[in-house]
Amino acid sequence: MPRRSDHKYTRGVLGVVAGSDMYPGAAVLACAGAVRAGVGIVRYIGPQRVTEHVLAARPEVVPGLGRVQAWLLGSGVEDDEPQDRAIDEALSSGLPCVVDAGALEACVRRRAAGSRPASADDVLLTPHAGELARMLNMLGHQVTREQVEARPMRHASWLAREADATVLLKGHHTLIAAPDRRLFSQGDGPAWLATAGSGDVLAGIAGALIAGGVRAPEAGAMAALVHGRAAASVSQGGPIVASDIANATPATVAALLPQG
């Protein structure tokens, strides 16, 4: 919760490398999740056409490189050399990171090989079951998506230890596993939460928290809580879209904060 003495820089500056010509909405939704969760500034890095989409939807976002306090990497990124370079630089910076989708492989490879400029408490991986299985297979383990779904806690903890990073495994129950064996589970989200782009909003919410100084295990747990409750509040038993979740985030955060 911000203090009266805070300004936009003390409330957190989040760099976002997300979206692509094929998936511009991922960048829009990731930025929306971060902005609506209360981060001070979002700096967006991506293709020009995607930047135009982001600014049209969220004029608060600042385009281009600049000083940041944390990174959100990979949501919707696909085959873009400048973004790949930006992801590599961010992973080498030692700054806290939320790592999603198109940045997962680069991050997990580096950390499993021992390149860990950021601590385990400063790196939050956000795979779904298929991505988690792929990461474990990349590390030499024979794992299927079905096996991950059957024993999600076991496999999320396995990847957390292998990569020395906190893992947020998306699913009907969202699980957060830290390499020190701490575990969190969040099941407030309705089944309607399984909709395109909802994970991008979740990454944005987590990014806002990490940019504000929350460590990865707690940021993952808090983001999952806000995400699930925001979805439940707008669903009321009916279908929702990802942007509904972002729009419901401020009221959800307000309801969770101490009053008075």
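Things to note:
- The listed residues are Gln69, Gln83, and the only one of them that is polar (S, T, N, Q), more than 28 Å from Asp244 (Cβ to Cβ), touching a residue at least 12 places away in the same chain (Cβ under 8 Å) and touching a strand residue (DSSP E or B) at 6+ places or on another chain (Cβ under 7 Å) turns out to be Gln69.
- Top-ranked residue in region 38-59 [being under 16 Å from Glu81 (Cα atoms) and aliphatic (A, V, I, L, M); ranked as farthest from the chain's Cα centre (by Cα)]: Val50
- Cβ-Cβ under 8 Å pairs, at least 6 apart or on other chains, region 130-152 side exposed (fewer than 15 other Cβ atoms within 10 Å of the Cβ), far side in a loop (DSSP other than H, G, I, E, B) and β-branched (Val, Ile, Thr): Asn137/Val143
- Any hit, region 208-227, residues being among the β-branched types (Val, Ile, Thr), in contact (Cβ under 8 Å) with a residue 12 or more places away in the chain, part of a helix (DSSP H, G or I) and under 20 Å from Ala57 (Cα atoms): no
- Members of region 182-207 that are in a loop (DSSP other than H, G, I, E, B) and buried (at least 24 other Cβ atoms within 10 Å of the Cβ): Gly189
- Within the set Leu139, Leu175, Leu193, Leu209, the sole residue that is within 13 Å of Leu125 (Cα to Cα) and of a type outside the set (D, E, K, R) turns out to be Leu175.
- Close pairs (7 angstrom Cβ cut-off, 6 or more residues apart or separate chains): surrounded by fewer than 24 Cβ atoms within 10 Å (Cβ to Cβ) in region 29-41, part of a helix (DSSP H, G or I) and at pLDDT 95 or above anywhere: Gly38/Ala208; Gly38/Val253
- Restricting the search to strands (runs of 3 or more DSSP E) fully inside region 8-85 and requiring at least 3 residues that are touching an Asp or Glu at 6+ places or on another chain (Cβ under 9 Å) gives 70-73.
- Asp122 being within 28 Å of Ser185 (Cβ to Cβ) and touching a Pro at 6+ places or on another chain (Cβ under 6 Å): yes
- Among the residues of region 43-62, some residue qualifies, meaning at least one is buried (at least 24 other Cβ atoms within 10 Å of the Cβ), within 24 Å of Ala242 (Cβ to Cβ) and either in contact (Cβ under 8 Å) with a residue 40 or more places away in the chain or polar (S, T, N, Q) (or both).
The values are calculated or read from the model by the stated rules, or taken from the named source; none is laboratory data. Quantities reported herein were computed from a predicted structural model and do not represent experimental measurements. Every residue, glycine as well, gets a Cβ built from its backbone with ideal geometry; the counts of neighbours run over all protein chains shown.
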